[in-house]
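These notes are about the structure you will find just below.
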Amino acid sequence: MSAPRSASRAWTRGCVRYNDGVSDLKGKPLVVAAPARPGSGEKYLTPQGFTAIRDGIKRAAGGAGAAVVAGRLPPWLKARAPTGAGFARVRGLVREHRLATVCEEAKCPNIGECWNAGTATLMLMGSVCTRACRFCSVDTGNPHGWLDPEEPENAARTVELMKLRYVVLTSVDRDDLADGGAAHYAACVRAIKRRSPQTAVEALTPDFQGVRADVETVVDSGIEVFAQNVETVRRLTHPVRDPRAGYEQTLEVLEIAKRRRPGVLTKSSLMLGLGESDAEIDETLADLRSAGVDIVTLGQYLRPTVNHLPVRRFVRPEEFDRYRERSLALGFLECVSGPLVRSSYRAERALQRNNAGLDNRRLAT
């Protein structure tokens with residue numbers, strides 16, 4: 001039997017606190033509409049009270065040129081809609097417990113494949129980065145030292161609920177923090193290992209401005225894989241990456257990690273299609289191998305918004321196969337290479353030496 005209308009109305013008023021002191025209309029409480037979501041390139045105020053820029057790059061005057069329209073994308077860049085029992089189970093948990101994954105927030109085309117395989121990527125230390133790389137659509141701002149003290153346990157609970165066998169932890173850059181967030185990052189890893197000791201953890205980290213002690217803090221936290229992405233070739237590092245990032249700095253960070261714990265696998269990633277030459281790709285692969293990197297991933301750069309860098313070319317699937325062969329010849333344990341590959345793609349299969357199951361020849365047909 002339902003409660004009397006007067007009792008129901010009183011309960012509603014007590015719960016919907018933002019209606020306190022506002023007259024109702026014919027017995028119905030007034031609901032305040034949520035503010036409109038800011039457009040790409042616009043400033044907004046975060047729930048934590050600091051200003052950020054949506055999608056990371058300010059809107060260019062008159063736009064930055066026409067975006068590549070979906071209808072003109074090559075056929076090999078069209079991903080399948082995510083399906084499968086494993087995907088449905090993980091998505092249900094994400095909805096029920098309001099969990100945050102990079103897989104969804106970045107609209108990754110491989111979400112179905114990875115979730116069905118028991119792999120996911122979580123982003124730590126908030127969703128606002130202190131840097132503004134011109135390929136990346138993560139929001140940019142200055143969090144002024146804000147951190148969620150409950151995040152380590154929440155991340156551990158997420159991994160436990162999702163029953164992940166392999167988790168990639170990534171994060172925004174936090175140049176506003178004295179240690180770049182290294183201690184917080186390590187606390188998240190340790191919390192995950194306490195709850196899910198059998199889960200393998202890959203840390204796809206910021207560069208911590210090259211500070212050795214901060215890199216070692218994360219490496220010593222219990223991870224299986226340490227990753228830091230070089231992103232592009234030396235010549236294109238600026239303007240592709242934020243001025244505080246650097247080609248040599250990334251190489252140094254990877255070297256620090258490998259020297260600290262030789263048993264930890266090191267990994268990096270390269271985007272193609274930004275205007276690099278084959279010779280520059282070869283040089284970058286050789287530099288990564290010289291830094292002791294074990295695993296490299298190669299994928300196609302796709303422009304997130306018209307304010308970001310344009311795509312200079314679409315790399316064909318058979319070219320990705322050639323780049324993989326060159327990488328293996330240099331001595332990498334594995335090179336996962338393909339048009340839709342992202343740095344975390346099927347990370348749990350990195351040592352199966354089968355290009356994570358990709359068949360680029362089939363994509364090209």
Based on the mean of other beta carbon atoms within 10 Å per residue, what is the order of 195-207, 287-299, most packed first? 287-299, 195-207
Under the rule a/c < 1.5 gives rounded, and otherwise a/b versus b/c splits prolate from oblate, where does the stretch 239-365 land using the Cα gyration tensor? oblate
What spacing in nm lies between the two simple spin-label points modelled at R80 and R312, each 7 Å away from Cα in the Cβ direction? 3.4 nm
How much length is gained if the chain between H144 and A279 is pulled fully straight, taking 0.36 nm per residue apart and subtracting their Cα-Cα distance, in nm to one decimal? 44.4 nm
Taking the highest mean first, how do the peptides 115-122, 266-273 order by number of other beta carbon atoms within 10 angstrom per residue? 266-273, 115-122
From the cross-link list K43/K107; K43/K267; K43/K258; K58/K193; K58/K107, which pairs have alpha carbons spaced over 31 Å apart? K43/K267; K43/K258; K58/K193
Taking 0.36 nm per residue of separation between L328 and E42 and subtracting their Cα-Cα distance, the length gained on full extension comes to 98.6 nm
Could you please report the charge total around H184, scoring K, R as +1 and D, E as -1 over all other residues with beta-carbon less than 10 angstrom from its beta-carbon? -2
Label-reachable residues, the stretch 258-275, where backbone N falls under 20 Å from a point 7 Å from D220's Cα toward its Cβ: 258-266
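Each reported figure results from applying straightforward, stated rules to the coordinates on display, with no laboratory input. Since this is a predicted model, take the numbers as computed values, not measurements. In this analysis, Cβ positions are derived from the backbone assuming ideal geometry, glycine residues included, and neighbour counts consider all displayed protein chains.
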